[in-house]
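The structure appears below as structure tokens.
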Amino acid sequence: MNGKPAKPEPTLKVVKKLGARDVRIDHFCELPIGCGFGVSGTWALGTALALSRFLGLRLPRSRLVSVAHVAEVECGTGLGDVGAQAVGGVVLGLRPGAPPYGRWKKIPVHGMKLVCAVLGPLETKDLLRDEEFRKKTFELGGRAVRKVMAKVSLQAAMEASLEFAEKLGSLDGELREIVKLCKEEGAVASQIMLGRGVFCFTRDPEKIRKILAGAVGEKKVLVCGVGGTSLLSEAMCVGMP
């Protein structure tokens, strides 16, 4: 990974599920690992797509997304990242699972950029395998989805996301202060799940970047666009624009 030897579990699991042997996978990642960006999901999904093409498997994309999703869940590195990554953009998960079971809704984002302040990683493997924690996340997540579906918008999604983080108990004082800085500048912000960081959507990314860099340091702030082409059929994406 990034030129260094590594054995990420989701990647190895996908290789095994697709029956590949004697292959070398090179991952290139510009994001911090273990900080809630779903990097392990992209490893699994990228590996599935690349191996299918390399080996001439001719598997439908929905099947490859399913393989990647199951691999990540079995490894305990994520629960629903792969489906959202396959849809692309800002996504609301309506029904858990891989294709053909999962359902997602894209939330339109026009003229916005994403700014993130990353303080550090959280160890998620044990949390995601803890039944009580999973039960709490599903319960709070269900409430959040219902709240957003009552009035689908980026604002509603971010408000529900922040409320979810507060009630889950993962939003500490330092993260709360960063959220406050973003909101004071008119940006919508919440906690990266699961990581010690904050993400926000803004029409003035440079202004937010400078403010957050002053608070946490230049190297801990990331800026990127919002987009992505869906790998799944419109039937799996409710109200897809």
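What to note about this one:
- Val70 being surrounded by fewer than 19 Cβ atoms within 10 Å (Cβ to Cβ), touching a Phe, Trp or Tyr at 6+ places or on another chain (Cβ under 9 Å), aliphatic (A, V, I, L, M) and more than 29 Å from Gly225 (Cβ to Cβ): no
Here's the yes/no breakdown for (1) under 26 Å from Gly97 (Cβ atoms); (2) out of contact with any Pro (no Cβ under 7 Å at 6 or more places or on another chain):
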site: Lys113; (1), (2): no, no
site: Leu119; (1), (2): no, yes
site: Arg134; (1), (2): yes, yes
site: Glu139; (1), (2): yes, yes
site: Lys147; (1), (2): yes, yes
site: Leu162; (1), (2): yes, yes
site: Leu168; (1), (2): yes, yes
site: Glu177; (1), (2): no, yes
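- Comparison of Leu49, Leu64, Leu79, Leu59 shows that the only residue that is outside any helix (DSSP H, G or I), closer than 17 Å to Gly19 by Cα and out of contact with any Cys (no Cβ under 7 Å at 6 or more places or on another chain) is Leu59.
- Each residue in the range 96-146 was checked for being not acidic (Asp, Glu) and not in a helix (DSSP H, G or I), and 29 pass.
- Criterion (in the same structural domain as Val115 (by TED's automatic domain parsing), in contact (Cβ under 8 Å) with a residue 24 or more places away in the chain and surrounded by 15 or more Cβ atoms within 10 Å (Cβ to Cβ)) met by exactly one of Val145, Val179: Val145
- Of the residues making up the range 20-67, just one is in contact with a His (Cβ under 9 Å, 6 or more places away or on another chain), surrounded by fewer than 24 Cβ atoms within 10 Å (Cβ to Cβ) and of a type in the set (Ser, Thr, Tyr), namely Thr42.
- Residue in the range 116-123 that is of a type outside the set (Asp, Glu), in the same structural domain as Val198 (by TED's automatic domain parsing), touching a residue at least 12 places away in the same chain (Cβ under 8 Å) and in contact with an Asp or Glu (Cβ under 9 Å, 6 or more places away or on another chain) present: yes
- Subset of the range 99-156 that is farther than 21 Å from Lys183 by Cβ and among the polar types (S, T, N, Q) - its residue that is modelled with the highest pLDDT: Thr137
- Residues within the range 6-19 that are surrounded by 13 or more Cβ atoms within 10 Å (Cβ to Cβ) and in a helix (DSSP H, G or I), tallied: 8
- Test result for Ser161, without any contact (Cβ under 8 Å) to a residue 40 or more places away in the chain and not in a helix (DSSP H, G or I): no
The values are calculated or read from the model by the stated rules, or taken from the named source; none is laboratory data. Being a predicted model, the structure only gives us computed values, none of them experimental. Here the Cβ is made from the backbone with ideal geometry for all residues, glycine too, and neighbour counts use every protein chain on show.
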